[in-house]
Amino acid sequence: MSDTAPFRPPVPGSQPEYDVKIYGSTALRAPSQPLIRIAQSITERTGPHFSPARYPSNIDISKVASGEAQGQRIIVEGHVRDEDGRPVPHTMIELWQANSCGRYHHEGDQHDAPLDQHFQGSGRVFTDENGKYRYTSIKPGAYPWRNHHNAWRPNHIHYSLFGPGFATRLITQMYFEGDPLLKYDPIYNSLPDPAAAARLIAGFDINLTEPEWALGYRFDVTLRGRGATPFEDAHEEH
Amino acid sequence: MPIATASQTIGPYWHLLRDDTWSDLTRFGATGDVITLQGRITDGAGNLITDACVEIWQSSPPVSDVFDGFGRAASNAEGLFSFKTLRPEPVPGASGPMGNTRQAPHIALTILARGVTKALWTRIYFQGDAGHDEDPVLSLIPPARRNTLIAHQTKPGVWHLDIALQGASETVFFEI
Ligand SMILES: [Fe+3]
């Protein structure tokens, strides 16, 4: 299998549909026509490469130069691998999140919760040669939204990953183990297979937790693997 | 076997990542046939989409020290996105039963937004380029919808393509 082989199609049920009845904003933004399946060419099999030299990392978003953010300090560590379990090395991960009170440092966020001048809410990390990443942050608060009556987003951190090809581009959200809001959240519950949703939950890890400093959470991400089975070859001929 | 992590919407607050310099793919010194690529994004009711994250990736010209091939732009209050980049050349197509194919110049484009659960994949082609009739991707699209992928020149060097997420003029989106 070459490093420009096509990527596997998604496992059924593992990705959301575009039109999700319980998530109101999809109603006018989901395509109504069937998607057209295309064979992955060089355009989809290759993708951008980001280097820390040009895209500097910011691995501690729990503080700024003038001081420490309010809230529960956390360490998040995990691996980025492909569907064959191989590490995805030196890939860029972008992160963004609400502050500990559930407020984004964003002009569109009108939630009546305090801003924190020491929390900007975005970071950038790179995986190492083993696909491992790690950053320090503040546990984000839950926040209300208007999807339905009494709608609150569970605590979450937004993730943006690239991987080796444009076809591996992934935007997702990391949730926290034990959050009582998960069962009410239309975005978390947009996954057809509940197991796919459960994989978005970071687990508390006492071994990652640092005494007198921060709680540790572990969150692994899997990107599409390069397919080499007869099944994928058949797709390629469409 | 591990299964790929699920996509979740980019939401309304992705602008915390925003860096408008990323919309200029020539910012590291790339030279060549510089173009502006722009368009307006609308939803199924014709409303402007003012909170989208639009990303482009092109496999031509090839990536180099001065050309990333990747760009990101926010749609603005008028629903408009705009990139400055280099005009692509034809590239090889995917291999298949038809033998080696060639693709007309194109740029891959994804739309990420609140209410969009996973990236919407499309492409931009350029009106008047050779090879559209033989292009292996355009050939898959019913002729009546092909024009949703073909940008037109509004003035020298400025190419425009509107994108409709839903409705009568809905853009063709791909499953890749
Ligand atoms: Fe959020």
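Where a number appears in this text, it was derived from the coordinates with a stated rule and is not lab data. Values in this document were obtained by computation on a predicted structure and should not be read as measured data. Virtual Cβ from ideal backbone geometry, glycine too; neighbours counted across all protein chains shown.
A few remarks follow.
- Sole residue being in contact (Cβ under 8 Å) with a residue 12 or more places away in the chain, away from the ligand (no atom under 16 Å from the Cβ), within 14 Å of chain B (Cβ to nearest Cβ) and of a type in the set (Lys, Arg), chosen from A:ARG45, A:ARG73, A:ARG54: A:ARG45
- Top-ranked residue of the stretch A:126-140 - restricted to ones that are away from the ligand (no atom under 16 Å from the Cβ) and closer than 30 Å to A:GLN110 by Cβ, ranked as nearest to the chain's Cα centre (by Cα): A:TYR135
- Residue selected from the stretch A:111-125 under the condition within 14 Å of the ligand (Cβ to nearest atom) and surrounded by fewer than 19 Cβ atoms within 10 Å (Cβ to Cβ), by the criterion nearest to A:TRP152 (Cα to Cα): A:HIS111
- The stretch B:126-169 - residue that is without any contact (Cβ under 8 Å) to a residue 60 or more places away in the chain and under 30 Å from B:GLN8 (Cβ atoms) and, of those, surrounded by the fewest Cβ atoms within 10 Å (Cβ to Cβ): B:ALA168
- Single residue of A:GLN33, A:GLN70 found to be closer than 22 Å to B:LEU112 by Cβ and assigned to a loop (DSSP other than H, G, I, E, B): A:GLN33
- For the stretch B:53-74, the set of residues classified as within 13 Å of the chain's Cα centre (by Cα), part of a loop (DSSP other than H, G, I, E, B) and over 11 Å from B:LEU25 (Cα atoms) consists of B:SER59 only.
- Residue match in the stretch A:184-196 (condition: more than 17 Å from the chain's Cα centre (by Cα) and closer than 21 Å to A:ASP82 by Cβ): yes
- Criterion (at the interface with another protein chain (Cβ under 10 Å from one of its Cβ atoms) and crowded, with 22+ Cβ neighbours inside 10 Å) met by exactly one of B:GLY46, B:GLY11: B:GLY11
- Every residue from the stretch A:141-196 that is within 13 Å of chain B (Cβ to nearest Cβ), closer than 24 Å to A:ILE75 by Cα, more than 12 Å from the ligand (Cβ to nearest atom) and outside any helix (DSSP H, G or I): A:SER160, A:LEU161, A:PHE162, A:GLY163, A:LEU170
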